[in-house]
Amino acid sequence: MKRFTQRAVQNGEQALEWIELYSGSKTGRRTQGFSGMVSLFGKSALPRSFFIRRGVAVALLMGGIAASACAQQSLPPGTTAATPDDQTPTAVLSNNSGKKTRKSTQDKKDDKVVQSKDTVKSEKARKQQMKVNPLGDVKSSQPDKLLYDKAMVAINKGRFEVARLDLQTLLSTYPDSEYQMRSKLAFADSWYREGGSAALAQAETEYHDFIIFFPNAPEAAEAQMRIGDIYFKQMDRPDRDYTKGIHAQEEYRNMLAQYPDSSLVPEAKQHLREVQEVLAQREHSIGEFYGTHENWVASIARLQTVVDTYPLYSHIDQVLISLGDAYQAQSRFIRTLQLPEDAKARLLKTYDDQAAAAYSRVATQYAASPHVEDARDRLDAMNRPIPEPTPEQLAASQALEDSRQTYTLANRAKGLIFRGPDTVQTARIGDPALVDPKATLAPEVANRSNEAYKAALDPKASVPAVGTNAPADGATPAAAEGTDASTAAAAGTGSSPASLQDIPAENAAPTNAGSSFTDTPTGVATPTSTGGRTAGVTILSPGATDGTGNSSAPPAAGSVPAGTISGVGPRNNTELPAVEKAADAPETVNDVAGQKTPAGQAPVLDKNGKPKKVKPEIDKDEESSSTQKKKKGLKKLNPF
């Protein structure tokens, strides 16, 4: 009975669901229907027949359908009964509040999708391929596109010859292709990625051609950038040839000047800063070398050039300190000279002011540099006031020093293995110099020192122009005074300096024109006047005649007129005797044998007329030889 009751309840619930599905009144009737079914199929009135139970269910179903039809007829025209989707949802009672609950760590790990290593690797390769070949995702079956993609794949795999053949085919076969520009750039990139001096030279030529053909394309900036990278890759250490560095600097400057709006400008600026770092290292090392040899003029010229041209140099503080030390060395040399006190004081003030200016620049503009305390100590030793940097100067210097990288184990190992320059401490901020200022030369420094020396000795005298003869820096006053004395002595003689003048004609009035040098042409009479103070030089040409009508033959010894210089040659023009034939050599005498050597016989000639070698005869009784036959009989007993 219990089993029948449960089955009846299940059948009643199924019937109610059918009724609610067709009537659309799902809410509010389920409880009543279920309770009615329980009361209908209770223990006291349970039907025993299957057909009776199904009949009740069918009756209930038909009743629901009839009720739904009546409700539909009772609605106003133009309206429809509400569907279950259109009804307002009922409120659901829950203990959870409206706030979002935070997921636990385990839930996050479960929700997170972890990609496999192969997926990550393929995605990274796809992104890299898109950088190399931006047109790789373009779906096209055109032959030019297929050639371009094939060439790019070959370049990525290192098959540069195959890639260049495909690109050359594309350029020559499809001159109007949309991939023409990209193909020409890829052709140059293949040479660049191949490397080597010959390949890089060819790459530079191809990049120049690309800029000529496509000057307004965005890729032109990339081509100009690659030209600078070609020289940048070939740069050597600062103590080697710096030609590549000069070319790299020029190319990067051209790129920044011609393409200021390119996205490659930050990279070009950084490469230019690294190039200028290497060039500054070279100038700095040369200046320090001259300083160790106490050639202060050349040292000042090199160090001043670094200060004016490369303000972002990583060791600019050391350069300024070395520049101040060079001026201090000159000041110490001035103290050893025997000069008037006022002149010496003026010279010392000149050099001390220049040294203090160099030290003060380190204390203000490069206040965050590592050697700023050294500059402050030198200013304190000179009894000069130590300037304080402004907040702007201190912030700028601190930012400049923070942008530099520090040496790591990897950087040091790279410097030991590779031959390239050291650019680890290059600044990462600041605008590099796009135009080189005028370089300071050693002669200019020497001339300024000479002018300061003369101005100190005679403040009222006019300072000579640069390039005039003046005592060198550090010359003793005695040398300067000797020069002035000799100049004054020359001026007191009243004689004019030597000049080129014509010799006056015959019977002309003598002039005191000083020394002269002329060339007497053929047929012009030479002057015979000896009056006046003349010291002319006469060059006699062959065939010339003097005033007496005689030819211009070389005069005899002692007959050269006064005031002239004779031609070059010996005084005695007598012809030398003819060369005599050497006498025959005396016959040789053999002192050991006491006999004369017999006269040589006539040589024996062969059939070709050449001398024939004749072997000398050997007396077998007196001589023994391994090339001759051995002695026989009693001759063997003779040891001599």
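The values are calculated or read from the model by the stated rules, or taken from the named source; none is laboratory data. All figures in this text were calculated on a predicted structure; none of them were measured in a lab. Because the Cβ atoms are built from the backbone with ideal geometry, glycine has one as well, and the counts that use them run over all protein chains shown. SASA here: full protein model, heavy atoms, side chains in, ligands and nucleic acids out. Shrake-Rupley method; radii C 1.70, N 1.55, O 1.52, S 1.80 Å.
At R0 = 25 Å, how high is the FRET efficiency between residue 412 and residue 265 if r is their beta carbon distance? Nearest 0.05 is fine.
Efficiency computed from Cβ-Cβ geometry: 0.20.
Full extension from residue 438 to residue 425: what is 0.36 nm times the residue separation minus their Cα-Cα distance, to one decimal in nm?
Working: separation 13, 0.36 × 13 = 4.68 nm, distance 2.62 nm.
Between residue 438 and residue 425, full extension yields an extra 2.1 nm.
Residues with beta-carbon under 13 Å from that of residue 373, excluding residue 373: net charge, scoring Lys, Arg +1 and Asp, Glu -1?
The answer is -2.
What does the convex hull of the alpha-carbon atoms of the range 289-429 project to on average, in nm²?
Taking the Cα atoms of the range 289-429, their convex hull projects to 10.5 nm² on average.
Quick check for you: with a 1.4 Å probe and neighbouring chains kept, what is the accessible area per residue of the range 165-286, in Å²?
For the range 165-286, the per-residue accessible area is 46 Å².
Pull out the extension gain between residue 157 and residue 458, defined as 0.36 nm times the separation in residues minus the alpha carbon to alpha carbon distance; nm, one decimal.
Result for the pair: 100.6 nm of gain on full extension.
Tell me the net charge near residue 440. Cut-off is 13 Å between Cβ atoms, residue 440 excluded, with +1 for each Lys or Arg and -1 for each Asp or Glu.
Net charge around residue 440: -1.
Hey, which of these cross-link pairs are over 18 Å Cα-Cα: 349/454; 157/414; 150/184; 127/233; 233/269? Please report the intermediate quantities before stating the final value.
Values: 349/454 14 Å; 157/414 26 Å; 150/184 15 Å; 127/233 26 Å; 233/269 16 Å.
With Cα atoms farther than 18 Å apart: 157/414; 127/233.
Quantify, in whole percent, the carbon and sulfur part of the accessible surface of the range 335-428 (1.4 Å probe; protein heavy atoms only).
Working: 3130 of 5700 Å².
Carbon-and-sulfur percentage of accessible area, whole number: 55.
What is the spin-label model distance, in nm, from residue 292 to residue 344 if the labels are put 7 Å beyond Cα along the C-beta direction?
Distance between the two pseudo-spin positions: 3.3 nm.
How many nm separate the modelled label positions at residue 233 and residue 117, each set 7 Å beyond the Cα in the direction of the Cβ?
Here the answer is 3.2 nm between the modelled labels.
Where does each of 313-320, 206-213 land if you order them by average Cβ count within 10 Å, highest first?
Answer by packing, highest mean first, reads 313-320, 206-213.
Put a dot 7 Å past each Cα toward the Cβ at residue 336 and residue 141; how far apart are the dots in nm?
About 9.1 nm separates the two model spin labels.
Compute the whole-percent fraction of alpha carbon pairs in the range 135-246 spaced more than 26 Å apart.
That tail contains 22 percent of the Cα-Cα pairs.
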